[in-house]
1. Filter segment A:132-152 down to the residues that are in a helix (DSSP H, G or I), of a type in the set (D, E, K, R) and surrounded by fewer than 23 Cβ atoms within 10 Å (Cβ to Cβ) and list them by number.
2. Residue by residue through segment B:260-300, note down the ones that are in contact with a strand residue (DSSP E or B) (Cβ under 9 Å, 6 or more places away or on another chain) and surrounded by fewer than 12 Cβ atoms within 10 Å (Cβ to Cβ).
3. Of the residues in segment B:88-113, how many are assigned to a loop (DSSP other than H, G, I, E, B) and among the acidic types (Asp, Glu)?
4. When you go through (1) farther than 20 Å from A:SER255 by Cβ; (2) in a helix (DSSP H, G or I); (3) of a type outside the set (Asp, Glu) one by one for A:GLN155, which number turns out not to apply?
5. Is it the case that B:GLU257 is surrounded by fewer than 19 Cβ atoms within 10 Å (Cβ to Cβ), in contact with an Asp or Glu (Cβ under 9 Å, 6 or more places away or on another chain) and not assigned by TED's automatic domain parsing to the domain that holds B:ASP24?
6. Among what's in segment B:84-116 and is over 19 Å from A:GLY46 (Cβ atoms), charged (D, E, K, R) and more than 7 Å from chain A (Cβ to nearest Cβ), pick the residue that is surrounded by the fewest Cβ atoms within 10 Å (Cβ to Cβ).
7. Which of (1) on the phi < 0 side of the Ramachandran plot; (2) assigned by TED's automatic domain parsing to the domain that holds B:GLY37; (3) out of contact with any Asp or Glu (no Cβ under 7 Å at 6 or more places or on another chain) is the odd one out, the single condition B:THR252 does not satisfy?
8. For segment A:31-112, give me every one of the helices (runs of 4 or more DSSP H) that falls completely inside it and has 2 or more residues that are without any contact (Cβ under 8 Å) to a residue 12 or more places away in the chain and of a type outside the set (Gly, Ala, Ser).
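The values are calculated or read from the model by the stated rules, or taken from the named source; none is laboratory data. Note that the structure is a prediction, hence the values are computed from the model and not measured. Quick reminder, even Gly has a Cβ in these numbers, built from the backbone with ideal geometry, and neighbours come from all protein chains shown.
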Amino acid sequence: MTTVNPVMDSTDSEYTDGAEDAGAGALAETGALALALAPRVGPVEGTWQTFSLAWRTLVQIRHNPVELIDFSIQPVMFLLLFTYVFGGAIGGSPHAYLIFALPGIIVQNSLFTTLNTATGLSTDLKEGFFDRLRSLPIARFAPLAGRILADIAKQAWAAAMLLAIGAILGFRFGAGAGRPLGALAAFGLVLVCTLAISWALVLVSMLAANPEKVQIFGFVVLFPLTFTSDAFVRTASMPGWLQAWSKANPVSILSDAMRGLLVSGPAARPVAESLLYAAAFTLVFAPLAVRAFKRRA
Amino acid sequence: MTYSIIAEGLVKRFGDTVALDGIDLAVRTGSVLGLLGPNGAGKTTAVRILATLVHPDGGRAAVCGHDVVSHAHQVRQLTGLTGQYASADNTLTGFENLTLIGRLTGQSRPDAKARARELLAGFRLTDAGDRAVKTYSGGMRRRLDLAASLVNRPRVLYLDEPTTGLDPLSRNEMWDVVRGLTAAGVTVLLTTQYLEEADQLADEIVVIDHGTVIATGTPEELKARAGALTLGVRPALAEDLPAVLAAVAGFTRSDPEVRATTVTIPVSGEDVMPAVVRRLEDAGIRVAELNLRGSTLDEVFLSLTGHRAEEAGTAELEGSAA
C-alpha cells in the first residue's frame, strides 16, 4: 500500500480538473504522438462497422461450405419433399400443392433462419469474441446489427432461391397487373417480418446460457408455431380449437399475405395484419433484446 | 511521474458475491503492473472494469485521465485487451481477424491489410495467417489474441492471464513479447496466478485476494517480505521433527509448516541453505531430504495472509461473473 497512497495524492488533480490534459500529458511523456481522441462514434462510422461485422459473418461461409448447404440445400430439400411426398396426399396433386405451399415454405424457412442469428450471437458471447469487439472503440449496436444484417442477407438469398426453383418446378406467379411488383412486395414483407421476429430470438440468445440451449428453445417454439399454421395445410381439417389458434397464428397471417401477393386471393388485409404483428414484435422485443444485450454482452 | 491507469476504491458485486471490495491501483506510464492472485480473487473483474466492459458499483477508474465509465469511448481508443475472455473468431483466418479489427477501428482497407501482415510477421504467424484460427495451437492462439489487441496501437494494454495453460516454451515467448512492448513504451497491466511470471515481467506487483489488495511492492520487496524460496527439510527419523523446527526457526519470520514429516519454511535467498545445513549438522539431525525451490503462489499467500489461497470453488465465481 505504501506506493499507492502517494500516487493518489499526486494525481488527484488530474481527475478533477481537465481530464483531457492529464491524458495528453501521459502520452507526451512516453514520447508518443498526442492522439486526437474522438468523443463518440458517429452514425456513419457505426454503419460501416455494422457492414464490416456483417461481412465477417458472411465470409465464414467461405471457410465452412457446409453452412452454405445448410441454408441453400435444406430449404430446397424441404420444398421437394413437401411437393412430391406430401403434395399429392394433401393438395390433390404435387403441382396444386406446390402453388399452395411455396409461400408457406418461404415463411417457414425465414423463420428458422432467425435461429441462426440467435445461435451465432450466443456462440460469440460464449467464446469471448464479443468481449473483443466491445473492448474496441466501435458503436455499441454494431455487433448486433451486423449479425442481423448478415442473416437478413442469407434469408434473401434463400427466399430468392426458393422462388427460382419453385418456378422451375411449375410454380406460376398469379396473373394480373402488378404481379412482378407483388413478388417483390412478398419478398420485402417476409424480410421485414422475420427481422421483427429475430428481435425475440436475440432476446433468447442473451438469456440462454449457451448455443445448445438456444437451439433447443428454437425447436420447441418455432416447430409447433410453424406447423400449427396454414403454412403447409389448409386448416379446415384441424380440430376447432386448433383452427381458432391457427387463425391468430402470425405464421398463418404471413403465409396468407404471401399467397395473396404471390398467387391470388386477398392480400391487403393479411399484409396489413402481418405488418401490425411485425410492429408489435419490434416494439416489445427490440427494447428488451437491446437491454439484455447491453447487460450481458 | 505520470500514471496511465488509476483506480480508486473499485467495488463490484455480482448478486451476493463481492468480486471487488475496494481496490486501489496505480500504474506508471510505460511500466508493467502485475496483478497477482488466485482464481476468483477479482483480477479479471478489475481488468474488465478498466477495459470498459463492466461498470463498477463503486469507486472510479481512469485511463490516461479518461474516466472508464463517463469517457469509455476515449478509453477504448487507448487500450487493448487480451485475455481469457477476449478472443478471436475461430472460423476466420488469423489474417481476416486482424484486418476486421483494423477496419472496425477506422483503418483503410490497404492500411488494415498492411497492419495485419506486419503483426502476423511480428508474432511468427505469417505461415498460419491464411488458416482458420480453430486450427491454431494454444500458443499460436494467444499470440494472435495479443496481436489482435495491438492492431489499434494501444498505449495501455491489459493482459489477463496471458500464459495460463501454455507450455513453458510458449510462456517464455509471450514473456519476450511483453518485454518488447514495454520497451516500446506501452503501459501494461498483467494479471497472473504465477508468482514467477509477475517476478519476470512486472515493475510492481499488487497481490489481491477476495477482492481486496493484500500487498503491494516491487517484486524484490514482496519476495523479501513473503519469502521467494521455500526450504523443505525431512528428517530421517520422525521423532527429530521438533528438533528440526527448532533448528530452522531463526531463518524465517513466519512459522514453519509441517506436512507429513517434512518441515517447510519460506526463506529470502539461497545463502540460507549452507547455514541451515550447518545448524542441522550441529544438532546431530540425520536428514533424509533437503530441498530449496521457488515459492508457489499458495506459499506466498500463506506467508502474506496467514491463510491459503482458496483455489477450488471460487474459480467458478469469476467465470460466471464474466
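1. If the condition is that a residue be in a helix (DSSP H, G or I), of a type in the set (D, E, K, R) and surrounded by fewer than 23 Cβ atoms within 10 Å (Cβ to Cβ), then A:ARG134 is the only one that fits.
2. B:ALA260, B:GLU270, B:ARG286, B:GLU289, B:ARG293, listed by residue number.
3. Number of matching residues: 1.
4. In the conditions (1) farther than 20 Å from A:SER255 by Cβ; (2) in a helix (DSSP H, G or I); (3) of a type outside the set (Asp, Glu), A:GLN155 misses (1) alone.
5. Considered against the rule, which asks whether it is surrounded by fewer than 19 Cβ atoms within 10 Å (Cβ to Cβ), in contact with an Asp or Glu (Cβ under 9 Å, 6 or more places away or on another chain) and not assigned by TED's automatic domain parsing to the domain that holds B:ASP24, B:GLU257 comes out as yes.
6. B:ASP111
7. Evaluating B:THR252 over (1) on the phi < 0 side of the Ramachandran plot; (2) assigned by TED's automatic domain parsing to the domain that holds B:GLY37; (3) out of contact with any Asp or Glu (no Cβ under 7 Å at 6 or more places or on another chain) leaves (2) as the failure.
8. Helices (runs of 4 or more DSSP H) meeting the threshold: A:43-63, A:65-81.
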